[in-house]
Amino acid sequence: MNSTIDYRAVISDWRNKSQRVINRVRADNPGTGHDELKKLFFAAYPFGPRANYPYRVWCDEIEKALRDMGVGQFKTGDGGGDACDG
């Protein structure tokens, strides 16, 4: 039995799932203001602990979605800056 893990597929799965969840949040909340939408994105995080690479992918996809919407960076609620900073 080959136990080799295809990490590219895993990474792609995180990115694909992030995109699906973000798109669902946007579709389920038409007309929602940007600040509220950011909170909904934050609440919809699908990967368990907010740490490591899955969280970086999630934040990256949120940043892309917000840029597409003409909104600034995704921030945490604690004033700590960009959610993806170290």
| said: I'm trying to understand the selection: among the residues of segment 48-64, which are assigned to a helix (DSSP H, G or I) and either basic (Lys, Arg) or at positive phi (or both)? | reply: 52, 56, 64
| said: Exactly one of these conditions fails for residue 69: (1) modelled with pLDDT of 90 or more; (2) exposed (fewer than 12 other Cβ atoms within 10 Å of the Cβ). Give me its number. | reply: (1)
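The values are calculated or read from the model by the stated rules, or taken from the named source; none is laboratory data. What you see is a predicted model, and the numbers here were worked out from it, not measured in a lab. Here the Cβ is made from the backbone with ideal geometry for all residues, glycine too, and neighbour counts use every protein chain on show.
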